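Taken together, the values in this text are just the output of simple stated rules run on the coordinates, not laboratory data. Just so you know, these numbers come straight off a predicted model, no measurement behind them. No Cβ is skipped: glycine too gets one built from the backbone with ideal geometry, and neighbour counts run over all protein chains shown.
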Amino acid sequence: MPGNDMHAPQQSTPPSSGDPRLRQIPVRYLVPNIVTLLALCSGITAIRLGMDGRFELAVACVILAALLDALDGRIARALKGSSKFGAELDSLADFVNFGVVPGLLIYMWSLNALKSLGWIVALALALCCALRLARFNVSIEDPDRPAWKINYFTGVNAPAGAMLAMLPMYLGFQGLVPPGPEIAKFVLPYIAIVAVAMVSRVPTFSGKSIGRVSREAVLPLLAAVTIIAALLVTYTWEMLTLVSAIYIVLIPVSSLAYLRQKKAWEKRMATGGASAKPPSATGAEHDTLADIDPT
């Protein structure tokens, strides 16, 4: 009877079922994912260009993918649009753009002259990139990680690994080395070293702690960025060669800096100092791995 409905068990319904607005996704969550998808499109397009023998444009597409990858996490933080979906998408895009694509390009440009052996090394580059990303995604959730370790990656990060792997191509585009097939026996061990560096335990600078600049440094920084961008457009391969060389030189420097900080931290811990947690372990900054760029 209608009068007895008040004693019937109440059915709980999701709050979103009565209000369509609660089922809508804010645009700020979509923008970072769109940027990630654009980076993925750029990377996949590089494969097609490589198959057509247009290697310079193919490498340019990988560089564009790296630039977009550097933006998506920062856009997510700026818009407060981080999500676990975006983190997973970012990791998958990084594997394709910085593992699969460089491996295929370097194989088509040079390593195919070595047949199966060249393919194995190109495959190793992609696999090491996948392992590197998986290790990062697991280690970043460690709540006991000291705060100072946010300044370092473990091993060469994925975008840097891709840029280093394509260094022989930059040199080839400048005419500094013979065509790819002729130097395949030298390219092969180099790519193997880059692949191992990505899964190694060697600490490298991350630059994640650089979040703010002083007012006095704003104009010089903008001028420097403008000049670098102009040089990159005008002297693309020369600049990429220079950046790759600087990164290689910085690897031992970062290792020494890491060891110094580690010793200082261990000394503080031995004397009873407290271990500070990294920003990523404090909840507000731990919405997604995309906040830290899983690379």
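For region 146-261, with equal point scatterers placed on the C-alpha atoms only and solvent neglected, what are the log10 I(q)/I(0) values from the Debye formula at q = 0.12 1/Å, to two decimals? Relative scattering, expressed as log10 I(q)/I(0), comes to -0.56. Model label points for Ala264 and Ala78, set 7 angstrom from Cα along the Cα-to-Cβ axis, are 3.2 nm apart. Each part reduced to its alpha carbon centroid, region 145-169 and region 30-56 end up 21 Å apart. A Förster radius of 25 Å combined with the Cβ-Cβ distance from Val27 to Ala147 puts the calculated FRET efficiency at roughly 0.15.
With the gyration tensor restricted to C-alpha atoms of region 25-284, the semi-axes of the equivalent ellipsoid amount to 32, 22, 20 Å, longest first. Looking at the square roots a ≥ b ≥ c of the eigenvalues of the Cα gyration tensor of region 67-196, which shape do they give, rounded for a/c under 1.5, prolate if a/b is larger than b/c, or oblate? Verdict is prolate for region 67-196. So the label point goes 7 Å from the Cα of Phe186 along Cα→C-beta, right? Which residues of region 151-165 then have their backbone N under 17 Å from it? Inside the label zone: 165. Could you tell me whether region 61-112 comes out rounded, prolate or oblate from its Cα gyration tensor? Rule is a ≥ b ≥ c as square roots of the eigenvalues, rounded for a/c under 1.5, then prolate if a/b exceeds b/c, otherwise oblate. Oblate is the answer for region 61-112, as a/c is 1.5 or above yet b/c matches or exceeds a/b. The trypsin sites (Lys or Arg not before Pro) of region 18-106 that DSSP puts in a loop, and whose beta carbon has at most 14 other beta carbons within 10 Å, are Arg54, Lys80. For region 25-284, the number of Lys pairs with C-alpha atoms closer than 28 Å, counting only pairs eight or more positions apart or on separate chains, is 19.
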